[in-house]
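Peer 1: Let me begin by handing over the structure; questions about it come next.
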Amino acid sequence: MREPANFGWWFASEKFNERWSLETLLAILKLPCKAEGEMDVVKLLATRCARYPVECVTCLRLMIEGDRAHWLLLGVESDAMELSRQALGSNNPEAVRSARRLAEELIAREHFRFRALLKP
């Protein structure tokens, strides 16, 4: 399923409507399908998280779950942390719960830098 995976490049190009491109990315990641250009995708998700915290955390979670080689976070850990920080600081209870759960799962996978996000 190569064609949907290429949407990651389209998403990262920022040439499309923000809401539409985010919803389309989310739908593609649910297939499950890996988004090409995933490091650029995560960086852009981090910039859009303030406006779409639930969707951005969900996309990041799906991308991490689909990363069978476990390389994704090595390249974008700081962006993933920023995205999570924004979601945790949002006024959206669902985003806060999702970001907290994602941080806990990443800590369990030995990504210990995410512990700093859960400190009061």
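The values are calculated or read from the model by the stated rules, or taken from the named source; none is laboratory data. This is a predicted model, so every value here is computed, not measured. All Cβ positions, glycine included, derive from the backbone under ideal geometry; neighbour counts span all protein chains shown.
Peer 1: If K34 satisfies all but one of (1) part of a loop (DSSP other than H, G, I, E, B); (2) at pLDDT 90 or above; (3) over 24 Å from R100 (Cβ atoms), what's the number of the condition it fails?
Peer 2: All conditions pass for K34, except number (2).
Peer 1: Let me ask another. Pick from A27, A103, A50: which is at pLDDT 95 or above, assigned to a helix (DSSP H, G or I) and aliphatic (A, V, I, L, M)? Spell out the reasoning first.
Peer 2: Numbers: A27 fails: at pLDDT 95 or above; A50 fails: assigned to a helix (DSSP H, G or I).
Just one listed residue meets the conditions, A103.
Peer 1: May I ask you to list pairs of residues, at least six apart or on different chains, whose Cβ atoms are under 7 Å apart, with the first in the stretch 77-93 being touching a residue at least 60 places away in the same chain (Cβ under 8 Å) and the second being basic (K, R)?
Peer 2: none
Peer 1: Moving on. Which pairs turn up if I take residues in the stretch 18-33 that are over 15 Å from V54 (Cα atoms) and look for partners that are of a type in the set (A, V, I, L, M) with beta carbon separation below 6 Å, at least 6 apart in sequence or on another chain?
Peer 2: Filtered contacts from the stretch 18-33: C33/M1; C33/A5.
Peer 1: Tell me which residues, restricted to the stretch 86-110, are under 13 Å from Y52 (Cα atoms) and surrounded by 14 or more Cβ atoms within 10 Å (Cβ to Cβ).
Peer 2: Narrowing the stretch 86-110 to residues under 13 Å from Y52 (Cα atoms): 86-96, 98-99.
Selection gives Q86, A87, L88, G89, S90, N92, A95, V96, S98, A99.
Peer 1: Additional query: What is the number of the single condition among (1) buried (at least 19 other Cβ atoms within 10 Å of the Cβ); (2) of a type outside the set (A, V, I, L, M); (3) at pLDDT below 95 that P4 does not meet?
Peer 2: (1)
Peer 1: Filtering the stretch 13-55 down to residues that are among the β-branched types (V, I, T) and crowded, with 20+ Cβ neighbours inside 10 Å, which residue is nearest to E82 (Cα to Cα)? Give the derivation first.
Peer 2: Taking the stretch 13-55 as the starting set, the residues that turn out to be among the β-branched types (V, I, T) are 24, 28, 41-42, 47, 54.
Then drop every residue that is not crowded, with 20+ Cβ neighbours inside 10 Å, which leaves 28, 41-42.
On the way: I28: 23, V41: 14, V42: 10 Å.
Once the filter is applied, the top-ranked residue is V42.
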